[in-house]
1. Please report the net charge: other residues with Cβ closer than 14 Å to the Cβ of Met97, K and R +1, D and E -1.
2. Take Trp62, Trp270, Trp289 and order them by how many other Cβ atoms sit within 10 Å, fewest up front.
3. Which aspartates and glutamates, if any, have their Cα less than 12 Å from the Cα of Lys260, not counting same-chain residues under 8 positions apart?
4. Using only Cα atoms, what is the ratio of the radius of gyration of segment 64-139 to 2.2 N^0.38 Å?
5. Mind running the shape call on segment 47-105? Use the C-alpha gyration tensor, a ≥ b ≥ c as the square roots of the eigenvalues: rounded below 1.5 for a/c, prolate if a/b tops b/c, oblate otherwise.
6. Springs between alpha-carbon atoms under 10 Å, Gaussian network over the chain: tell me which of Leu75, Leu154, Leu281 tops the mean-square fluctuations.
7. For Arg51, put the label point 7 Å out on the Cα→Cβ axis and report which residues of segment 163-188 keep their amide N under 16 Å from it.
8. If you count, for each residue, the other Cβ atoms within 10 Å and average over each peptide, how do 8-16, 26-34 line up from highest to lowest?
Amino acid sequence: MFDVVTGGAGFIGSHLVDTLVAEGNEVVVIDSLCAGRRDTIARHIDSCAIRFVQADLLSDGWQDAIKGADRLFHLAADPDVRQSAVNPEPTMQNNIMVTYRVLEAMRHCNIPEIVFTSTSTVYGDARVIPTPEDYAPLLPISVYGASKLACEALISAYCYSFGMKSWIYRFANIVGERSGHGVITDFIRKLKDNPAELEILGDGKQVKSYLDVHECVAAMLFALRAREAVNIFNIGSEDWIDVRSIAEIVAEEMHLPEVKFRFTGGERGWVGDVPKMQLSLERIKSRRWKPQLGSRESVRLAARDLVRSG
Ligand code: NAD
């Protein structure tokens, strides 16, 4: 199997690359390194297990590298929900425009299958929790969520117009080693700056689902068994955890039992924050995949790894 992974030097992408290499696949990684790090995949590059193309998907020159691929995993994106409300332009470019360019390159090179990493934020403030894949109307409340929903629509249209197949995965919060963004890394960074007090955005009562990155990659590969033109799956854990509890876990892992929490207040931590998120996993469970870890264990493991790796 010849796989292309865009964003393969990023957090989830580099874990996916580890697994594809372990399965013996031929792998090409395309990443601009605007957020990803070469060292996450350096051992595969050095051992010639993968080919790494450092390129911005908004420019040209990378398209030849995908010729002959069986599948393309499209993970490259700007994943910052908070910044998307401050300046939408990078979100529009790196999510919507990049996805369009990737689809066009695939069409020209006859690459038949795309796996896309979408997000729970396409559901917006869902009235049904746990939220199933067929929930409607999809009304995202962040520019990031809107950009991912636009990508889903483009992918669906390309599948039906040009005979491609797609897997669209709506992730909960994915956590673990090598993560460079999100609440856990945010808390660790703040506590390094000030071990006495931790600022928590919102009232700390936001509850969301968190999944370990290894389980996420396992689910992504498992769900490829579905063979419709467009296959949509939620991927997350079966429970949720509140932000205050995450802060307590991070403080424990950093051996800071005395730290004071200061809440900025309000039910949302930032513009576009969804205060309650739990995805229904019934669809993927009906195909006999379920996560082994809950949110609390996933957060604990991630905090431990991230504190240790410094
Ligand atoms: P990440 O920032 O670690 O990885 C994204 C990678 O894409 C980075 O390596 C970055 O350098 C690369 N990239 C960005 N723009 C690019 C461009 N124009 N050209 C080439 N490379 C570019 O993020 P992640 O957490 O690993 O997320 C991976 C995917 O999963 C993203 O699509 C994200 O939206 C989605 N997702 C992540 C989560 C999560 O909790 N981490 C949740 C839902 C969805």
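Values in this text are rule-based calculations from the coordinates and carry no lab data. The structure presented is a predicted model; accordingly, all values stated were derived computationally and were not measured. For neighbour counting, all protein chains shown are included, and Cβ atoms are generated from backbone atoms with ideal geometry for every residue, glycine included.
1. -3
2. Trp270, Trp289, Trp62
3. Glu197, Glu199, Glu248
4. Expressed relative to 2.2 N^0.38 Å, the Cα Rg reads 1.33.
5. It is prolate, given that a/c is not under 1.5 and a/b is the larger ratio.
6. Of Leu75, Leu154, Leu281, the most mobile in the Gaussian network model is Leu154.
7. None, by backbone N distance to the label point.
8. 8-16, 26-34
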